[in-house]
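Novice: Please read through the structure below; I'll follow up with questions.
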Amino acid sequence: MEAKDFPGVELRVGRARIGEGVRIGEGTVIVADQLVLKDGAVIGAGCDLRSAYLELGAGAQVGGGARWWVADAVRLGAGSVVDADSEVVCREWSVGAGCYVGHRLRVGAGASMEERSTFRVGDRCQIAPDVVVNPTEPVVIGDEVGISAQVGIWTHGYHAGHPVRDGHGAAFAGVVVEDGVWLGVRAVVLPGVRVGAGTVVAAMGVVNRSLPAGVLAAGVPARVKHALRPQALDGEGRRAAVAALVEDWVARLRFKGLVVERAGPGGGGGWSVARAGERWVVAVGAGPGQEPGVVVEARREGAAAGAVFDFAEPLAVRGVLDDLGHDLRDFLRRATWAFPHPVNSRGLMPQRFARLLD
């Protein structure tokens with residue numbers, strides 16, 4: 001595939017491997033020694049992406065207006081999304097599979113063209129809008145990490161008006177955020193910090209020293225408040241939680257403009273869901289191992305097609321995810337039930353919003 005296959009796109013690429021269904025928006029410039037765009041990858045309009053090696057995994061997406069200047073390598077994993085207007089300057093940047101990175105990510109914010117200027121994000125992470133990361137030294141984010149809006153991560157701290165020769169301190173050290181951490185809104189992580197797995201940093205906490213695993217920390221500076229001791233749901237609690245989730249979800253479908261009715265005798269057979277000539281049956285039932293299960297069955301033109309959400313561990317989704325299945329997966333993700341899938345979840349747009357686009 002050549003530049004002529006993408007009208008209005010400038011490709012200054014040494015070697016390229018471009019899969020099926022790849023889309024690149026007009027006005028985009030890509031400069032790379034080696035470009036790998038796997039099946040279904042999408043790059044929005046007006047981007048300027050530059051790296052020696054640039055790889056987007058299957059179904060990965062880059063929102064419009066991205067500006068990336070990464071000397072050695074960029075790797076965006078399968079199904080991951082980096083939303084619009086991201087700006088990245090560093091030596092290497094990698095994002096694992098199944099991640100979402102919100103609008104206006106800023107990677108740089110200082111000296112970030114150094115030998116050790118690297119930024120690595122694991123799998124299934126959720127990063128909210130307006131996050132700032134300074135990778136003068138390496139920044140490593142583990143798997144399934146949540147980073148809330150306006151969080152700042154810094155690997156250097158100094159000011160010319162407070163010189164070391166006068167007895168002031170200067171910090172140049174990397175940051176590690178381990179698996180399952182949650183950084184609250186406007187939290188700040190300072191140089192040399194390691195945040196232990198599963199720890200929660202409360203909103204506006206300033207982390208100036210390492211934190212152990214499995215605690216809640218808060219304050220300026222952040223201090224451990226207590227250990228987190230979650231207790232897993234038993235079978236009965238799990239079934240009740242799943243049933244309540246689905247009840248809540250189908251109620252929200254009405255707001256989105258779908259017709260939802262109880263199905264079966266006395267309304268005990270699940271729900272019938274309809275939209276513009278399409279019809280689905282939604283039911284809650286036992287999975288293969290008698291664990292809670294949710295079945296979403298879609299019927300179109302007389303043919304059955306659908307998906308089964310299995311709430312046994314590990315969470316799994318089988319079958320074909322159509323629009324309704326994706327909406328359920330998106331709802332469950334927001335309720336912390338993260339079902340793995342090759343692409344990011346997406347919800348149905350409520351009709352009262354959609355009509356404004358017509």
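The values are calculated or read from the model by the stated rules, or taken from the named source; none is laboratory data. The shown structure was predicted, so the numbers you read here are calculated from the model rather than taken from an experiment. No Cβ is skipped: glycine too gets one built from the backbone with ideal geometry, and neighbour counts run over all protein chains shown.
Novice: Take the residues in the range 236-245 that are in contact with a strand residue (DSSP E or B) (Cβ under 8 Å, 6 or more places away or on another chain) and either among the basic types (K, R) or exposed (fewer than 13 other Cβ atoms within 10 Å of the Cβ) (or both); name whichever of them is farthest from G270 (Cα to Cα).
Specialist: R238
Novice: Only residues that are farther than 13 Å from V176 by Cα, crowded, with 23+ Cβ neighbours inside 10 Å and of a type in the set (A, V, I, L, M): list them for the range 108-146, please.
Specialist: Within the range 108-146, I127 is the sole residue that qualifies.
Novice: Another one. Any residue in the range 198-222 that is within 22 Å of H156 (Cβ to Cβ) sitting within a Cβ distance under 6 Å of a residue that is assigned to a loop (DSSP other than H, G, I, E, B) and of a type in the set (D, E, K, R)? List the pairs, counting only those 6 or more apart or interchain.
Specialist: M204/R186
Novice: Among (1) within 27 Å of A97 (Cβ to Cβ); (2) not assigned by TED's automatic domain parsing to the domain that holds G108, which single condition is G184 missing?
Specialist: Exception for G184: condition (2).
Novice: Among the residues of the range 330-358, which ones are among the basic types (K, R), within 22 Å of V62 (Cβ to Cβ) and part of a helix (DSSP H, G or I)?
Specialist: R333
Novice: Continuing with the same structure: Would you check if there is a residue in the range 81-103 being of a type in the set (D, E, K, R) and more than 24 Å from W154 (Cα to Cα)?
Specialist: Of the residues in the range 81-103, the ones of a type in the set (D, E, K, R) are 83, 85, 87, 91-92.
Filter once more, so that each one left must be more than 24 Å from W154 (Cα to Cα): none.
No, every residue in the range 81-103 fails to be of a type in the set (D, E, K, R) and more than 24 Å from W154 (Cα to Cα).
Novice: For the list (1) over 20 Å from V151 (Cβ atoms); (2) within 17 Å of the chain's Cα centre (by Cα); (3) not in a loop (DSSP other than H, G, I, E, B), I need the number of the one condition that S94 fails.
Specialist: (1)
Novice: Still on this structure, please answer the following. Can you give me the number of residues within the range 149-174 that are of a type in the set (V, I, T) and assigned to a loop (DSSP other than H, G, I, E, B)? Lay out the reasoning, then the answer.
Specialist: So in the range 149-174, the residues of a type in the set (V, I, T) come out as 151, 153, 155, 164.
Now drop any that are not assigned to a loop (DSSP other than H, G, I, E, B), which leaves 151, 155.
Total satisfying the criteria: 2.
Novice: Now for a different question. Can you pull out every residue in the range 175-214 that is among the aliphatic types (A, V, I, L, M) and assigned to a strand (DSSP E or B)? So that I can check it myself, show each step before the final result.
Specialist: Looking only at the range 175-214, we keep the residues that are among the aliphatic types (A, V, I, L, M), and these are 175-177, 181, 183, 185, 187-190, 193, 195, 197, 200-204, 206-207, 211, 213.
Across the range 175-214, the qualifying residues are V175, V176, V177, L183, V188, V189, V195, V200, V201, V206, V207, L211.
Novice: Which of the residues that make up the range 214-229 are aliphatic (A, V, I, L, M), under 15 Å from L190 (Cβ atoms) and surrounded by 13 or more Cβ atoms within 10 Å (Cβ to Cβ)? Outline the logic, then answer.
Specialist: First, pick out the residues of the range 214-229 that are aliphatic (A, V, I, L, M): 215-218, 220, 222, 224, 227-228.
Checking which are under 15 Å from L190 (Cβ atoms) leaves us with 217, 220, 222.
Across the range 214-229, the qualifying residues are A217, A222.
Novice: Quick one: which of T155, T199 is within 22 Å of T136 (Cα to Cα), assigned by TED's automatic domain parsing to the domain that holds A128, surrounded by 15 or more Cβ atoms within 10 Å (Cβ to Cβ) and hydroxyl-bearing (S, T, Y)?
Specialist: Step by step, each of T155, T199 is checked, and only T155 is within 22 Å of T136 (Cα to Cα), assigned by TED's automatic domain parsing to the domain that holds A128, surrounded by 15 or more Cβ atoms within 10 Å (Cβ to Cβ) and hydroxyl-bearing (S, T, Y).
Novice: Taking the residues in the range 277-319 that are part of a loop (DSSP other than H, G, I, E, B) and surrounded by 14 or more Cβ atoms within 10 Å (Cβ to Cβ) as candidates, determine which candidate is modelled with the highest pLDDT.
Specialist: F311
Novice: Just the residues that are of a type outside the set (F, W, Y) and within 14 Å of V284 (Cβ to Cβ), please, taken from the range 237-250. Break it down into steps so the answer makes sense when it comes.
Specialist: First pass over the range 237-250, keeping only residues of a type outside the set (F, W, Y): 237-248, 250.
R238, R239, A240, A241, V242, A243, A244, L245, V246, E247, D248, V250, listed by residue number.
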